[in-house]
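Undergrad: Here it is: the structure, laid out below.
Read-outs throughout are calculated quantities, based only on the coordinates presented, and are distinct from any laboratory measurement. A quick note: this is a predicted structure, and the numbers were derived from the prediction, not measured. Positions of Cβ are backbone-derived with ideal geometry, glycine not excepted, and every protein chain shown enters the neighbour counts.
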Amino acid sequence: MPRVVEIDPMTVKVPERVISARLGFKGVERIPEEFRNIFEKAWREIIKVSTPFALLKDEECIWNEYLRVRGIELKSDLVRRHLKNCEIVTLMAVTLGESVDRRIEKAHEDGDELFSYFLDGIASEFVEYAAREIEKVLRKDKEPLAGGARISPGYGDFPLKVNKWIVEILDGERYGIKYHPESFMLIPRKTITSIMGWRRSE
């Protein structure tokens, strides 16, 4: 069974400049004043409807040219760079829950496209920063082991189909996390899977 960690959405802090960039306002620290009200409304709505939590599971691993976990070789240069010589790995899934998807879709169905766009952009960064909060907890809990970078399927040459493997190991469906059988995209959409590796400090 995975470890389940609930996340208080009020504790998740996303720099406004990050959201600005996500929404297309490049090179600015703050959302422009003409969009300020809709931004603040969308932020409050994400806080209200999200139910963020993480599923976590440690797995032993073997490094022999490729990383092998549960008999599966993860053949990826990204894995090689960030997980080489790890003693254990943590498999992780972080989600905001189904209500966020439904709220974004409802705004779209209501014809409020700008509000839907802001909700979607904020939620995308919100789940990433929720995952960063979990990462901080893991780094503290795993001391004196040192953690590498958190890597997610879909980046570089680390294929999206690894989502299926992570979700199944974490028994994600029991907790409402699934994957599309053809595209391997995650459901709910505002969900991140990732792997972190742990090794002895030099």
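Undergrad: Set the Förster distance to 25 Å, then compute FRET efficiency between Glu73 and Arg132 from the Cβ-Cβ distance, nearest 0.05.
TA: So the FRET efficiency works out to roughly 0.30.
Undergrad: Please report the spacing between the Cα centers of the stretch 139-161 and the stretch 88-119 in Å, no decimals.
TA: Going from one Cα centre to the other spans 23 Å.
Undergrad: When the chain is fully extended, how far beyond the present Cα-Cα distance does Lys41 get from Met185, taking 0.36 nm per residue of separation?
TA: 49.0 nm
Undergrad: Taking the simple approach of a point 7 Å from Cα along Cα-to-Cβ for both Lys106 and Asn85, what is their distance in nm?
TA: According to this spin-label approximation, the distance is 5.2 nm.
Undergrad: Moving to a separate point now. Using +1 on the beta carbon of Lys and Arg, -1 on that of Asp and Glu, and nothing else charged, what's the dipole of the stretch 3-200 about the Cα centre, debye to 20?
TA: Roughly 660 debye, rounded to the nearest 20.
Undergrad: Please give, to one decimal in nm, the separation of the simple spin-label points placed at Glu60 and Val18, each 7 Å out from Cα toward the Cβ.
TA: Calculated label separation equals 3.6 nm.
Undergrad: Once R0 is set to 35 Å, what does the formula 1/(1 + (r/R0)^6) return for the Cβ-Cβ distance between Arg30 and Lys161, expressed as a FRET efficiency to the nearest 0.05?
TA: FRET efficiency, Arg30 to Lys161: 0.35.
Undergrad: Here's another thing I want to ask about it. Report Rg/Rh for the chain, rounded to two decimals, where Rg is the Cα radius of gyration and Rh the Kirkwood radius.
TA: 1.00
Undergrad: Note the angle between two axes, namely the Cα long axis of helix 113-141 and the longest principal axis of the Cα atoms of the chain, as a number of degrees from 0 to 90, rounded to the nearest 10.
TA: So the helix axis and the longest Cα principal axis differ by about 30 degrees.
Undergrad: Compute the distance in nm between two label points, each set 7 Å from the Cα along the Cα-to-Cβ direction, one at Asp8 and one at Arg199.
TA: Going by the 7 Å Cα→Cβ label model, 3.7 nm.
Undergrad: Follow-up question, since we're still on this one. Would you work out the relative contact order for the chain, in percent, from Cα pairs under 8 angstrom that are 6 or more residues apart?
TA: 27
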